[in-house]
1. So for the chain, taking the charge dipole from beta-carbon charges (+1 Lys/Arg, -1 Asp/Glu), which of VAL179, TYR242, LEU223 sits furthest toward the positive end?
2. Among THR251, SER160, THR88, whose Cα projects farthest towards the positive end of the dipole of the chain, with charges put on the beta-carbon of Lys, Arg (+1) and Asp, Glu (-1)?
3. May I ask you to derive the FRET efficiency for ASP201 and LEU144 from their Cβ-Cβ distance with R0 = 51 Å, giving the value to the nearest 0.05?
4. List the aspartates and glutamates whose alpha-carbon lies under 18 Å from that of LYS25, not counting same-chain residues fewer than 8 positions away?
5. What list of ³J(HN,Hα) values in whole Hz, one per residue of region 95-104 in order, does the Karplus curve 6.51 cos²θ - 1.76 cosθ + 1.60 (θ = phi - 60°) give from phi, with Gly and Pro shown as x?
6. What is the fewest-to-most order of LYS100, LYS109, LYS55, LYS203 by other Cβ atoms lying within 10 Å of their Cβ?
7. Could you list PHE40, PHE70 so that the one with the fewest beta carbons within 10 Å of its beta carbon is first and the one with the most is last?
8. Ranked by Cβ crowding within 10 angstrom, fewest neighbours first, how are THR251, THR132 ordered?
Amino acid sequence: MAKSNEYFPAASSTRPGKKSRMPAKLDFLQSFSGFLLAIFMWGHMFFVSTILLGKDAMYTVTKFFEGMYFFDKPYPIIVTIAVAAVFTLFILHAFLAVRKLPIDYQQYKTYRSHMYMLKHSDTNLWFIQAYTGFAMFFLGSVHLYIIMTNPEKIGPYASSDRMVSEWMWPLYILLLLAVELHGSIGLYRLAVKWGWFEGRDAKASRKNLKRGKVLVTVFFLALGVMSLAAYIKIGLEHRSQYGEMYIPAGTQNQESHSPGDTP
Ligand code: HEM
């Protein structure tokens, strides 16, 4: 039976003589879900990196997302609901992307020979996206599931303990590399595909987009590595008190009423 994907298209019609719009719709959904995820990741990296401003800054952001400044107390379930929504989008995006991957060794070889033949940097980027996307199936799912089911364990000490005492740092290093490469390449490819910022000179704007892509990747990788280092440092210092949650200065006397990152 004929196999189909981007390079081996099957006839895209359901009835003879009638073209189906489904491939275009699926393509749009894939692009749109990817766009939302990439923008979400920019926000996520800024929130996670508040640890660089100090434990109190990260604590404040954490409690903000638990609704503590809107309600009488924090509600970690809000975080669970938000993660479930992101997880659903993540799964939808992965599901739509699988259509584009080679499905057997023969197709894989054809892809690779095209890549060597074309020597086209955007074709090479497609490969990086395919590999990093595949890695994220596993790495991203582990992270999202843990955060979704432990929403009350996010905070300066809890997150650092997870990195060091719960051995999440190797996964985070790989996930950080994968997500930053995947996200910025994805946004670059979307910009080229949909003609964003094209202007009058398409060649010149593509050059600028490429430069922008490299800058964005380097910026978020640097921010991620610095944040990771900060969490690891705190996690190492906090190893002997593993499990104890952060309590901001000035609220310690309330500790006995409510343990954890909640004052
Ligand atoms: C609403 C959904 C999400 C929440 C609430 C969340 C929360 C967090 C938190 C609190 C941390 C700090 C470490 C920890 O506590 O374990 C973290 C780190 C990280 N997350 Fe997420 N995350 C979400 C979605 C994602 C997604 C979709 C990805 C990528 C697929 C991702 C990739 C990462 C990476 C790479 C780090 C390490 C950051 C660094 O190197 O500084 N996260 N996340």
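Nothing in this text is a laboratory measurement; each read-out follows from the coordinates by a stated rule. Worth saying up front: this structure is predicted, and the values here are computed from it rather than measured. No Cβ is skipped: glycine too gets one built from the backbone with ideal geometry, and neighbour counts run over all protein chains shown.
1. VAL179
2. Ranked along the dipole, the leading option is THR88.
3. Numbers: r = 41 Å, r/R0 = 0.81.
E between ASP201 and LEU144, to the nearest 0.05, is 0.80.
4. LYS25 reaches GLU6.
5. With coefficients 6.51, -1.76 and 1.60, one gets 4, 6, 6, 4, 4, 8, 7, x, 9, 8 Hz.
6. LYS203, LYS109, LYS100, LYS55
7. Numbers: PHE40 16, PHE70 10.
Ordered by Cβ neighbours within 10 Å, fewest first: PHE70, PHE40.
8. Working: THR251 12, THR132 21.
Sorted ascending by nearby Cβ count, the order is THR251, THR132.
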